[in-house]
Amino acid sequence: DTGVSQNPRHKITKRGQNVTFRCDPISEHNRLYWYRQTLGQGPEFLTYFQNEAQLEKSRLLSDRFSAERPKGSFSTLEIQRTEQGDSAMYLCASNLAGVSDEQFFGPGTRLTVL
Amino acid sequence: SQQGEEDPQALSIQEGENATMNCSYKTSINNLQWYRQNSGRGLVHLILIRSNEREKHSGRLRVTLDTSKKSSSLLITASRAADTASYFCATNGYTGNQFYFGTGTSLTVIP
């Protein structure tokens, strides 16, 4: 257990529905990252926050994806109008910028879009 | 697209043997990290090597970095069945703010 938690662990939804995932990072970590990982591939960067500010977003992140970190603590990732291609593992990671680039990953949320 | 690529994609060895996996990347980096992932789980950080370092050790792990060739290798000595997992290298871009993971090496250690 790295200290980063994600909920839910599994989500099955029908195409067209909206889904929201939550990530609780290690409390003193100011940076929070979201990644997407498909079977047999490495994690792909989606976006990251420093405190409550969303500083970078991947070009891969369509406008159906939105992420927030309202108080600089937990973060949510919402996918609107889900598509079958959104099926993947969504990973969250956190670290303390300026101290170490080592990232602490949560267990992930596995999304299946039917 | 991902920054790095690991080689080989899959590796199967007997317990007690050494395992070597390689990572190549495309752009200048500040550091390179190796992570391990057990099936269906999150990633666990193994070791970080800075761009001005050439070799680093941690327990049974040895990492080398050749910035002129934009490549790194991870050596696991005296492998154990519990080392069975996927191994990924990750680099941060020049700004240091985004992390790019390779495609991974799937290691199987046969007891």
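The values are calculated or read from the model by the stated rules, or taken from the named source; none is laboratory data. A quick note: this is a predicted structure, and the numbers were derived from the prediction, not measured. We place every Cβ from the backbone using ideal geometry, glycine too, and count neighbours over all the protein chains shown. Protein only, heavy atoms only, side chains kept; ligands, DNA and RNA dropped before computing areas. Shrake-Rupley method; radii C 1.70, N 1.55, O 1.52, S 1.80 Å.
Numbers below:
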item	result
Relative contact order (%) - chain B, alpha-carbon pairs under 8 angstrom, separation at least six	39
Cβ-Cβ FRET estimate between B:N22 and A:Q84, R0 fixed at 30 Å, reported to 0.05	0.30
Reachable lysines from B:K56, criterion Cα separation under 19 angstrom, eight or more residues apart if same chain	B:K69, B:K70
Rounded FRET efficiency, nearest 0.05, which uses the C-beta distance separating A:R59 from B:R80 and R0 of 35 Å	0.30
Within straight-line cross-link reach of A:K57, lysines at Cα separation under 25 Å, skipping those fewer than 8 residues along the same chain	A:K11, A:K71, B:K26
Relative contact order computed over chain A (Cα-Cα under 8 Å; 6+ residues apart), in percent	38
Evaluated at q = 0.11, 0.13, 0.16, 0.23 Å⁻¹: base-10 log I(q)/I(0), Debye formula over Cα of the stretch A:1-93	-0.29, -0.41, -0.63, -1.29
Percent of alpha-carbon pairs separated by more than 20 Å within chain B	34
Size of charge dipole - chain A - debye, nearest 20, with Cβ of Lys, Arg +1 and Asp, Glu -1, no other charges	520
Alpha-carbon Debye profile of the protein assembly as shown, log10 I(q)/I(0) at 0.13, 0.18 Å⁻¹	-0.75, -1.32
Size of the B/A contact, given as accessible area buried on both chains, probe 1.4 Å, in Å²	1700
Within chain A, percent of DSSP bridges classed antiparallel, to nearest 5	90
Cα shape, the stretch A:1-50, gyration tensor, a/c 1.5 rule	prolate
